[in-house]
Structures are given as C-alpha cells and as structure tokens.
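**Student:** One structure, as structure tokens, below. Some questions next.
The values are calculated or read from the model by the stated rules, or taken from the named source; none is laboratory data. Here the structure is a predicted model, which is why all the values come from computation and not from measurement. Cβ atoms come from the backbone with ideal geometry, glycine included; neighbour counts cover every protein chain shown. Note: areas computed on protein heavy atoms with side chains; ligands, DNA, RNA excluded. Shrake-Rupley method; radii C 1.70, N 1.55, O 1.52, S 1.80 Å.
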Amino acid sequence: MAYSEKVIEHYENPRNVGSFDKDDPSVGTGLVGAPACGDVMKLQLKITDEGIIEDAKFKTFGCGSAIASSSLATEWVKGMSIDQAMAIKNTQIVEELNLPPVKIHCSVLAEDAIKGAIADYKAKRAKGNGNGNA
Amino acid sequence: MSIKLPIYMDNHATTPVDPRVLDAMLPYFTQVFGNAASRSHSFGWSAEKAVEAARDQVGALIGASGREIVWTSGATESDNLAIKGAAEFLKDRGNHIITAQTEHKAVLDTCKRLEKEGFEVTYLPVGKDGRVSAESVRAAMTDKTTVVSIMLDNNEIGTVNPVNEIGAVVKEKGAVFHVDAVQGAGKVPFDVNAAKVDLASLSAHKMYGPKGVGALYVRRKPRVRITAQIDGGGHERGMRSGTLNVPAIVGFGKAAELARTEMASEAARLLKLRERLREAIQSQVDHTFINGSMEHRLPGDLNISFAYVEGEAMLMGLKDVAVSSGSACTSASLEPSYVLRAIGVDEELAHTSIRFGLGRFNTEEEVDYVVKIVVDKVKKLRELSPLYEMAQQGIDLKSITWAAH
C-alpha cells in the first residue's frame, strides 16, 4: 500500500508521544479501539480551568495511518477550546492525511479518542475531584 | 559493509529467477520458438524435445516419471484441476472431500465452489503447531470420501505436514490424495511414492523459476484419472489443453534440476541463516512468539509475532526490507490471517506477526542488517504503544472491556 507523504512524515516523526498522569484532575484520557481489531489509541488532553487544551499526548498501537491520525489530532487540539476540539471531524483528518477508504476507520478512532478524552475530563470535573475513571 | 537495498526476504511470495534458469530459457524465445504441438517440422520437434526434457527434470524432483507431469499456468490452476478434476471424475463413487483449514486459497476456494455444486467438504482443524495429523484425516474419512487435499508446507507459517503418514491413511481407504507441494517442493524432501500421492501441484516461481508456469503430477501406476477443466486441442494427454509455454517450461525444468541437486546444501545454509535471524531477534527483543512448529518447518521460514506492535506499522518501518505480515491491515478484508487463527493465535497477536522468507540469494550481511532495523523499530513502536505501556504497568489486557469497532 502506498502511503501519503504526510502519513509517512507523522509516522517517522510522531508528535506529542507520551502519557500524562491519568489521575491528574486536569487530564482527560480517551482510550479507544481494541487489540483484537489491530488498533488501540490512547489520547490524553491537559485542560486548563478556562477549558483550553494546553497540552496533548498520545500512544497508538496500530498501522501507520492510525499513528498519523492520532499524532495529527494531538497537534490540532493544542490551544483549542473544548468546544473547538469537539467539532473536529474525522473527515478533516482523512483530507489532511489523504487516507484511502480502507483507512478511514483510523480517522474515526482519532475523532472518538478526542471525544473520549473530553468526556473523561468532564466526568472528572463533574465529580469535583480527581478520582474519575481514566 | 555494502548492502544493496531494498532487501528481499519474502521468498514465500515469489523468488527471483536464478540466472542459470534464465540462461536456459533465453534461446526458446527467439531461436527455438516452435509450437511443441507442431508435428510437421523441426521447429516443433525441437520445442517438444525441450518440453520433454523439462518434464523429466520436474518429475525427478518429486520422484516421479516425466510422463506423469502435466503443465499448467501455475499452481492455482494445478490445484483447481486436481481437486475439481478428481472430484468430478469420481462423483459417482462419492461426494466427500477432505482438506484443512490452513490450506492455500487456491485449494479452499476450489472446495467452496464444489460445495456450491453439491459436494461435501470437511475442513480439518490443525494443531497449535500448524500441522494436520494423519489421525484427524483417518477420523474424517467416510465411504463417500473421494479426494483428500493436504498441503506439503504452509505458505504463511512454513510448517511441514506429515504427508507420508497422511498418504498411508488416505490409501487405506482408497481415496485420491492431492498434495499442494508449492512451498515445499525443492526445499524439503518430497517423494510422491513415499507419500503415496496421486496428484501434486507445483509452481516454478517459488523455486527460482519463472512465473506463469506450474505443473500437476498425475500418477500413472495405478492410473489416476481426472476430468479436464479446460477444453481445446487435447494437449497434455487431454488433461490440459492449450499451447505450451515452452520457454517457461524449460526454465521450470532447469529450476527443478537446480533445486534437486542443491537442496541439501541450500537447506543447510538457509537453516543457519534463519537461526541467525531468530536468535539475534529473540535475544534482543522480549515478548516475541514464534507461530507454528519450529521442528517441522521450512528451513528459510520465520513467522514471528512481536507483541504490542502492529504488523503493518512494522512493515512501514522496515521500508527497505520486503517481508509480509499476518496483520489485517495488509489485506483489503481487515481480517487477520486465517492461518494464524486456525493455529489458535490470539487475534491481537495475529496483528503483530511478521513473516520472513529467506531464500537462495540472501546473505549473512543482509540478515544482520535486518535484525538491526527490526530491533530498532520494535523498540520505537513499543514506545508508541499504549498496550506495551499497560503491560509494563502490569495491567492484564484481557481484563479490559475494549470497544470493538
């Protein structure tokens, strides 16, 4: 399969690889996918009290397109408000990375991971402490 | 160290034509170009003579007579002709076919077609070692069984089936025994008489011959009869019509002769290379799993899972090395390898498998180079892997409820 230059670039130089402490109240964690399906993405957002995403990190088990989709997602969300990040659509990722149809599910996972991380953050805030489930 | 990139280590998929094979073929394109079926002039006679010599060479590789070799376009055609041809010919005697879950698609899909036409097919499970047992064949045989088709070596995991034992069981019951010998012939000893084989499929391009030519061994004593699948001029004793591809057949003959005469030394050399590759990888990378039997395996094959690292991402990292993966992502279907599933490999490990196929032209330097990149890429991708991180933290991945998608 031929990969787009952008996928290769993200694969070779993934942005924002790593982890935050999932118990930190300012951190939201999204874990999506399944090992049996061949893709698992963990995307974490560090969010200020004002609702701005100040930092993002990811780790991905998956093909090059999955790695690139999550790397790109972390790059995009940094500096965004929660609402702006919620508005990111998988189709934007498909377009930016030139993903072929067979790889569209990678972009869907990245979108789900962002939404999952924000939902986790909101759940933690609602509880008013840092004991939310990551 | 000067190494020519990219490195080819996918010799199960195909092999390069040996220069000695090419030399043998060349005159048959422009000089001896006659139709082997032309009986009225020397062009035809010369072509026919070359074809008959190649028949003997291919026959000798598997302990057969040249007169038992039928030329085809490749092993897919051979498998189709063998199974459909025998099943149809014997349909008044029975309608039951036995094969195994790990067979090549050319066999499985042929059997599926026959199922649609009213035949019954048993797809035998295999052990964790990837092998079909003679006992399981015996247990599956009924009075209606007419054809048993079991491969010599598996194309994905390189495991070698006990065809001699299976052949004995099949003949006890009097069914026709077909062996898809594509991966194994020329690489491990295979004798149609020792294995009591009636039909055997062979392919030239897996043994350093050209693509587009194969053969079907059809036993003469006692005579095995099959129904032709291609109608026409009645070539190949009526079993396979069509003008013979003389240059390719000459190349196949030469390739078979080289495989036969060099098999022992080449197998020893490949085994040494394969072990060098395996030992170096396993001593530097933890959480690796070999898929299939190590004992009964093609000498040049290594199928290994690198836990927590997805196969396609690995292939992308090994961009100067041609290997393949059992990962779903390398196929259009998004299903991981059915062979790995059949031997009980967890789906998540199936996604992490890499198949190395060493061949005649691989060198120690290439192996060392590949080891270096493999170790490097696994480390890099594990740093990226949330599963590796969780495993390091002692989290049992099976305890998590994953949202399948």
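**Student:** Loop only by DSSP, 12 or fewer other Cβ within 10 Å of the Cβ. Give me the chymotrypsin sites (Phe, Trp or Tyr not before Pro) in region A:15-102 that pass, ordered by residue number. Kindly include the intermediate steps, with their values, before the conclusion.
**Tutor:** Details: sites: A:Phe20, A:Phe58, A:Phe61, A:Trp76; in loops: A:Phe20.
Within region A:15-102, no chymotrypsin sites (Phe, Trp or Tyr not before Pro) qualify (loop, at most 12 other Cβ atoms within 10 Å).
**Student:** Beyond 21 Å between alpha-carbons counts as too far, so tell me which of B:Lys211/B:Lys372; B:Lys84/B:Lys211; B:Lys173/B:Lys221; B:Lys144/B:Lys173 fall in that bin.
**Tutor:** Details: B:Lys211/B:Lys372 32 Å; B:Lys84/B:Lys211 23 Å; B:Lys173/B:Lys221 17 Å; B:Lys144/B:Lys173 10 Å.
Those over the limit are B:Lys211/B:Lys372; B:Lys84/B:Lys211.
**Student:** Ranked highest first by the average count of other Cβ atoms within 10 Å around their residues, in what order do B:221-229, B:81-89, B:165-173 fall? Don't skip to the answer; put the middle values down first.
**Tutor:** Working: B:221-229: 14.9, B:81-89: 24.4, B:165-173: 19.3.
Put in order of decreasing packing, that is B:81-89, B:165-173, B:221-229.
**Student:** Let me ask another. Pulled fully out, how much extra length does the chain show between B:Lys380 and B:Arg67, if you take 0.36 nm times their separation in residues and subtract their Cα-Cα distance?
**Tutor:** Numbers: separation 313, 0.36 × 313 = 112.68 nm, distance 5.57 nm.
Difference between extended and current length: 107.1 nm.
**Student:** Using alpha carbons only, what's the Rg to Rh ratio of the protein assembly as shown with Rh from Kirkwood?
**Tutor:** Numbers: Rg = 27.3 Å, Rh = 25.6 Å.
Reported Rg/Rh (Cα atoms, Kirkwood Rh): 1.07.
**Student:** Provide the packing ranking of B:346-359, B:197-210, i.e. peptides ordered by the mean count of other C-beta atoms within 10 Å per residue, highest first. Present the calculation step by step, with values, prior to reporting the outcome.
**Tutor:** Working: B:346-359: 24.7, B:197-210: 28.0.
Ranking, from highest mean packing down: B:197-210, B:346-359.
**Student:** Still on this model: Taking every Cα atom in region A:47-94, find the radius of gyration and the maximum pairwise distance Dmax, and write them in Å.
**Tutor:** My reading of the Cα-based Rg and Dmax gives 11.4, 35 Å.
**Student:** Given the pairs A:Lys103/B:Lys105; B:Lys171/B:Lys272; B:Lys187/B:Lys380; A:Lys6/B:Lys128, which span a C-alpha to C-alpha distance of over 29 angstrom in this model? Display every interim value, and only then the final one.
**Tutor:** Details: A:Lys103/B:Lys105 25 Å; B:Lys171/B:Lys272 37 Å; B:Lys187/B:Lys380 35 Å; A:Lys6/B:Lys128 41 Å.
Pairs exceeding 29 Å: B:Lys171/B:Lys272; B:Lys187/B:Lys380; A:Lys6/B:Lys128.
**Student:** Rounded to a whole number of µm²/s, how large is the Stokes-Einstein D of region B:87-164 at 4 °C and 1.567 mPa s, given Rh as the Kirkwood radius over C-alpha pairs? Present the calculation step by step, with values, prior to reporting the outcome.
**Tutor:** Details: Rh = 12.8 Å.
The diffusion coefficient I find is 101 µm²/s.
**Student:** Going 7 Å from the Cα of B:Arg20 in the Cα-to-Cβ direction, what parts of region B:241-261 have a backbone nitrogen less than 14 Å from that spot?
**Tutor:** Only B:251-261 pass the distance filter.
**Student:** Between A:Asp21 and B:Arg113, what is the label-to-label distance in nm when each label sits 7 Å out along the Cα-to-Cβ direction?
**Tutor:** With each label point 7 Å from Cα toward Cβ, the separation is 6.5 nm.
**Student:** Moving to a separate point now. Over all directions, the average projected area of the alpha-carbon convex hull for chain B comes to how many nm²? Intermediate results must be reported in sequence, preceding the final value.
**Tutor:** Numbers: hull surface 86.9 nm².
Orientation-averaged projected area of the Cα hull: 21.7 nm².
**Student:** First compute the accessible area of chain B with a 1.4 Å probe, then give the percent of it belonging to carbon and sulfur atoms.
**Tutor:** Numbers: 8630 of 16580 Å².
C and S fraction of accessible area: 52 percent.
**Student:** Still on this structure: Which Cα, out of B:Leu315, B:Val371, B:Ala403, lies furthest along the positive dipole direction of region B:267-405 (beta carbon charges, K/R +1, D/E -1)?
**Tutor:** Most positive-ward Cα: B:Val371.
**Student:** Normalising by the residue count of chain B, find the relative contact order in percent from Cα pairs under 8 Å and 6+ residues apart. Each step should come with its number before you reach the end.
**Tutor:** On the way: 818 pairs, mean separation 83.9, N = 405.
Value for chain B: 21 percent.
**Student:** Between the chain alone and the structure with every protein chain in place, find the residues of region B:342-361 that drop at least 10 Å² of accessible area; heavy atoms, 1.4 Å probe.
**Tutor:** B:Glu347, B:Glu348, B:His351
**Student:** Calculated from DSSP H runs of 4 or more alone, at -39500 (n - 2.57) each and per residue, what is the 222 nm mean residue ellipticity of the protein assembly as shown, nearest 500?
**Tutor:** Details: 18 runs with 216 residues, N = 539.
For the protein assembly as shown, the value works out to -12500 deg cm²/dmol.
**Student:** I need the phi-derived Karplus couplings for region B:9-21: 6.51 cos²θ - 1.76 cosθ + 1.60, θ = phi - 60°, integer Hz, Gly and Pro marked x.
**Tutor:** Values, residue by residue: 10, 10, 6, 7, 6, 6, 10, x, 6, 5, x, 5, 5 Hz.
**Student:** What is the gain in length, in nm to one decimal, between B:His41 and B:Arg276 on full extension, counting 0.36 nm per residue of separation less the C-alpha to C-alpha distance? Before the final figure, lay out each step's value.
**Tutor:** On the way: separation 235, 0.36 × 235 = 84.60 nm, distance 5.49 nm.
Gain on extension, B:His41 to B:Arg276, equals 79.1 nm.
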